[in-house]
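First up is the structure itself, then whatever we jot down about it.
The values are calculated or read from the model by the stated rules, or taken from the named source; none is laboratory data. Everything numeric in this text was worked out from a predicted model, so none of it was measured. Here the Cβ is made from the backbone with ideal geometry for all residues, glycine too, and neighbour counts use every protein chain on show. Accessible surface areas use protein heavy atoms only, side chains included; no ligands, DNA or RNA. Shrake-Rupley method; radii C 1.70, N 1.55, O 1.52, S 1.80 Å.
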Amino acid sequence: MSDSNSANNAAQSFIVVYKDSATKDQIQKHISQVEKDGGEIGHRYDAVFKGFSAKMKPECLQSLQGDDAIDYIEPDQVMSIQPTSGTGQ
């Protein structure tokens, strides 16, 4: 197996965000599937939005994509803001 194939098959971190209409059972089903496929659940979210973060392999990610209960899936990454220049009063 080449290094590029190994990198492409490595688990990556994602945030899975559900539609408001998603049930706890639907979310739990996906969490169980991620764990069964060797993924690792990071955090569960239910205060501001429904979802979870997880490290998962590309094939696991693909199995979640297209599910009607999921609003979107995005890479988990650190975000920051930069102060604006000027004299903001």
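Quick notes on this one:
- Out of VAL34, VAL48, sole residue that is of a type in the set (Val, Ile, Thr) and in a helix (DSSP H, G or I): VAL34
- Inter-residue pairs, beta-carbon under 7 Å, first of a type in the set (S, T, N, Q) and in the stretch 50-61, second assigned to a strand (DSSP E or B) and surrounded by fewer than 17 Cβ atoms within 10 Å (Cβ to Cβ), 6+ apart: SER53/SER13; SER53/GLY42; SER53/HIS43
- Just so you know, in the stretch 60-75 the residues that are open to solvent by 70 Å² or more (accessible area, probe 1.4 Å) and assigned to a loop (DSSP other than H, G, I, E, B) include one that is nearest to ALA11 (Cα to Cα), and it is GLN65.
- Some residue of the stretch 18-30 being assigned to a strand (DSSP E or B) and under 20 Å from GLN77 (Cα atoms): yes
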